[in-house]
Structures are given as structure tokens and as C-alpha cells.
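K.L.:
Just passing along the structure, written as C-alpha cells.
The values are calculated or read from the model by the stated rules, or taken from the named source; none is laboratory data. Here the structure is a predicted model, which means the values were calculated and not measured. Positions of Cβ are backbone-derived with ideal geometry, glycine not excepted, and every protein chain shown enters the neighbour counts. Remember, those area values only see protein heavy atoms, side chains included, never the ligands or the DNA or RNA. Shrake-Rupley method; radii C 1.70, N 1.55, O 1.52, S 1.80 Å.
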Amino acid sequence: MQDRVVVVVGATGGIGSALSHKLAAQGARLVLVARDSNKLSHLANQLNVTAGQVLTVPTDITDRQQVTTLMNKAIAQFGQIDALVNAAGAGVMKPYGNLEPADLEAMLDVNFKGSFYTSQAAAELMQERKSGHICNVVGILGQHSMPMAAAYCASKFAVVGFSKCMAEELKRFGVKFTLFYFGGVNSPFWDNVQLKVDRKKMLSTETAADAILYALSAEPQAVPMEINIQPESHLFF
Ligand SMILES: NC(=O)c1ccc[n+]([C@@H]2O[C@H](COP(=O)([O-])OP(=O)(O)OC[C@H]3O[C@@H](n4cnc5c(N)ncnc54)[C@H](OP(=O)(O)O)[C@@H]3O)[C@@H](O)[C@H]2O)c1
């Protein structure tokens, strides 16, 4: 990953932070993205890298204008974007009858629209260069259903839908897409989720980050299209 420019969205989260540490250790140049600027600065300071190797860009990805500014700042600093990793998101888990319009909007805004905006903005730059890699951390609920997850699942199925369409449009321009279907990953994601889960049975953030690193490091002619890793037991309840 030496000198590759990677935009990590959701860099301060469980998966994004584990990945950022691994990428930094391999010499990648990083654009760290999330909303909370203090957490971003803290993460950047933790990474054992030179100042010019890391750029932090506080961004709310639900705002298309902020996403445009993010990409402009990344290009101004590094001149190119080799890879985008979308590891931002949130989970509202409730019985279907309790889902409010605001819950649907929250899920669609960050999980669907946010990752669409970043994918779209990065893809345009990558298409121009005829090279690039977009990694979308969907989760297994982009493929399968679960009780209490109607809004979350819908937002994640949407990510799979747009990613697969964009992958078809962009493959002739040398732009790859990889979708990650992780089962439960033990991260702060679960701190505010109102479900009874056994976090000890979940995947570690290290495992998730290693899978993303594998895809990013694959030989240029290889396209790891979908990676599915589940915890040994799915019985969270
Ligand atoms: N944990 C799991 O079990 C699991 C399994 C499969 C897939 N996933 C998916 O993987 C992704 C990352 O999950 P995680 O477990 O690492 O979650 P996490 O620890 O809760 O981290 C979420 C990250 O997203 C950022 N974020 C949230 N809303 C944002 C917004 N509007 N704009 C920009 N950044 C935003 C957060 O930072 P700020 O709050 O500062 O913005 C944080 O950096 C999510 O899409 C999640 O759905 C998770």
C-alpha cells in the first residue's frame, strides 16, 4: 500500500480505525473522514506517520456539498485518490411497527445516500484517471434479513444495488468495486443498538480490517467483488 492514497470514511469507527492503523503501517497516504473533528485529530495523532501522510477532513457524508469539498481537499493534498473505503454508518434496530419516518430517513441518509455520494464523487475522479478501487462495507444485512432490521436492511440492500450498477458502468474504466458482507463486528456500532447481542461472539475489527486490506492489496488484474465473513455463531439472542 506504499504511497497509495486511500480515503477512509468512518475512519474513527471500529472498522475504519483498525483499517487506518493497518494502512498507515504499510505506508499509505490517508484521508481520514468522519463528522467529529476531535476524534479525527486524535486518530491522526495515534498513527505513527509523518504529518504530510495524513489529512483529516471532518465531513457529514449525508451532505453532498460537504462530500464535494472532501474530495477537493483530498486532491489538493495528494493529487489523486487510489481507493475509497466507505466504513461509515449507523444502525436503528426496532420492531417494524415502531419505526418512525425519522428512523427511515436516518438510515437512508447515512447508509444509502452518504455512501452513494462518496462513491459517486470518488468514482468520477477515478473514471478520469482510469484507475481506482471503491470498497463498500455493507454488512450481511445487505444480503439477508433479520428481525428488527427493516429500515437498516433496506438501506443496506440499497448500497448493494447502487454499488453493483456502478461497478458495471465503471469496470471498463479500470475502477473496481468490492462489497463486504461482515456479520456482527464488535465495534462501537453496537453501543446504541437496542438488541440483546453477545459481542464476545462477534468478529473483531481487526478481522474486518484485514479483509479490506486484502481486497485493496490484490494484484491489479484481480477484482475481489464480494467478501463475506461471518462469526462462528449467528445466534446473538
Ligand atoms: N459493527 C458491525 O457489526 C457491522 C457489521 C457489518 C457492517 N457494518 C457496517 O460497517 C460500517 C462501519 O461500522 P462500524 O462497526 O465501524 O461502526 P462505528 O464503530 O459505529 O463507526 C461509525 C463511523 O461512521 C462515522 N459516521 C457516522 N455517521 C456519519 C456521517 N453522517 N458522516 C460521516 N461519518 C459518519 C462515525 O464517526 P462520526 O460519528 O464522528 O461521524 C464513525 O467513524 C457501517 O456502515 C456499518 O453499518 C458494521
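K.L.:
Exactly one of (1) touching a residue at least 40 places away in the same chain (Cβ under 8 Å); (2) away from the ligand (no atom under 13 Å from the Cβ) is unmet by Asn72. Its number?
P.N.:
(1)
Yes or no, residue by residue, for (1) closer than 17 Å to Ile15 by Cβ; (2) open to solvent by less than 10 Å² (accessible area, probe 1.4 Å):
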position: Leu108; (1), (2): no, no
position: Phe116; (1), (2): no, no
position: Glu124; (1), (2): no, no
position: Val138; (1), (2): yes, yes
position: Phe173; (1), (2): no, no
position: Asp191; (1), (2): yes, no
position: Gln194; (1), (2): no, no
position: Arg199; (1), (2): yes, no
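K.L.:
Assess whether Ala102 counts as being farther than 30 Å from Asp3 by Cβ, open to solvent by 60 Å² or more (accessible area, probe 1.4 Å) and aliphatic (A, V, I, L, M). Give the steps one after another, and end with the answer.
P.N.:
Values: farther than 30 Å from Asp3 by Cβ: yes; open to solvent by 60 Å² or more (accessible area, probe 1.4 Å): yes; aliphatic (A, V, I, L, M): yes.
It is true that Ala102 is farther than 30 Å from Asp3 by Cβ, open to solvent by 60 Å² or more (accessible area, probe 1.4 Å) and aliphatic (A, V, I, L, M).
K.L.:
Taking the criterion of being more than 16 Å from the ligand (Cβ to nearest atom) and either under 19 Å from Val159 (Cα atoms) or modelled with pLDDT of 95 or more (or both), would at least one residue in region 105-123 satisfy it?
P.N.:
We begin by selecting, within region 105-123, every residue more than 16 Å from the ligand (Cβ to nearest atom); these are 123.
Okay, now just the ones that are also either under 19 Å from Val159 (Cα atoms) or modelled with pLDDT of 95 or more (or both), so 123.
Yes, region 105-123 contains a residue that is more than 16 Å from the ligand (Cβ to nearest atom) and either under 19 Å from Val159 (Cα atoms) or modelled with pLDDT of 95 or more (or both).
K.L.:
Here's a follow-up. Regarding region 176-189, can at least one residue be identified that is more than 25 Å from Asn98 (Cα to Cα), open to solvent by 40 Å² or more (accessible area, probe 1.4 Å) and under 18 Å from the mean Cα position of the chain (by Cα)?
P.N.:
Within region 176-189 (the criterion being more than 25 Å from Asn98 (Cα to Cα), open to solvent by 40 Å² or more (accessible area, probe 1.4 Å) and under 18 Å from the mean Cα position of the chain (by Cα)), the answer is yes, since at least one residue qualifies.
K.L.:
Suppose we filter region 80-103 for residues that are in a helix (DSSP H, G or I), more than 12 Å from Gln194 (Cβ to Cβ) and not hydrophobic (A, V, I, L, M, F, W, C); how many remain? It would help to see each step written out before you state the result.
P.N.:
Pass one, region 80-103, residues in a helix (DSSP H, G or I): 96-98, 101-103.
Those still in the list that are more than 12 Å from Gln194 (Cβ to Cβ) too: 96-97, 101-102.
Pick out the ones that are also not hydrophobic (A, V, I, L, M, F, W, C) and you get 96-97, 101.
So the count comes out to 3.
K.L.:
Then there is this: Give the residue that is most open to solvent (accessible area, probe 1.4 Å), with candidates limited to residues of region 1-41 that are hydroxyl-bearing (Ser, Thr, Tyr) and under 20 Å from Asp191 (Cβ atoms).
P.N.:
Our first condition is that a residue be hydroxyl-bearing (Ser, Thr, Tyr); within region 1-41, this holds for 12, 17, 20, 37, 41.
Checking which are under 20 Å from Asp191 (Cβ atoms) leaves us with 12, 17, 20.
On the way: Thr12: 46, Ser17: 29, Ser20: 0 Å².
Checking each candidate, the answer is Thr12.
K.L.:
Name the residue that is farthest from Met1 (Cα to Cα), counting only residues in region 31-69 that are near the ligand (Cβ under 10 Å from one of its atoms) and small (Gly, Ala, Ser).
P.N.:
Ser37
K.L.:
Just the residues that are assigned to a loop (DSSP other than H, G, I, E, B), within 16 Å of Ser17 (Cβ to Cβ) and open to solvent by 20 Å² or more (accessible area, probe 1.4 Å), please, taken from region 42-59.
P.N.:
Matches in region 42-59: Asn48, Val49.
K.L.:
Output the qualifying pairs, or none if there are none: Cβ atoms under 6 angstrom, residues six or more apart or on different chains, first residue in region 153-173 and closer than 20 Å to Ala88 by Cβ and of a type in the set (Gly, Ala, Ser), second residue part of a helix (DSSP H, G or I) and open to solvent by less than 30 Å² (accessible area, probe 1.4 Å).
P.N.:
From residues that are closer than 20 Å to Ala88 by Cβ and of a type in the set (Gly, Ala, Ser), the pairs are Ser155/Met107; Ser155/Asn111.
K.L.:
Given the residues Asp109, Asp36, Asp103, which is the only one that is out of contact with any Ser or Thr (no Cβ under 9 Å at 6 or more places or on another chain) and not β-branched (Val, Ile, Thr)?
P.N.:
Of the residues listed, the single one that is out of contact with any Ser or Thr (no Cβ under 9 Å at 6 or more places or on another chain) and not β-branched (Val, Ile, Thr) is Asp103.
K.L.:
Tell me whether region 188-209 contains one or more residues that are away from the ligand (no atom under 16 Å from the Cβ) and touching a Pro at 6+ places or on another chain (Cβ under 9 Å). So that I can check it myself, show each step before the final result.
P.N.:
First, the residues of region 188-209 that are away from the ligand (no atom under 16 Å from the Cβ): none.
There is no residue in region 188-209 that is away from the ligand (no atom under 16 Å from the Cβ) and touching a Pro at 6+ places or on another chain (Cβ under 9 Å).
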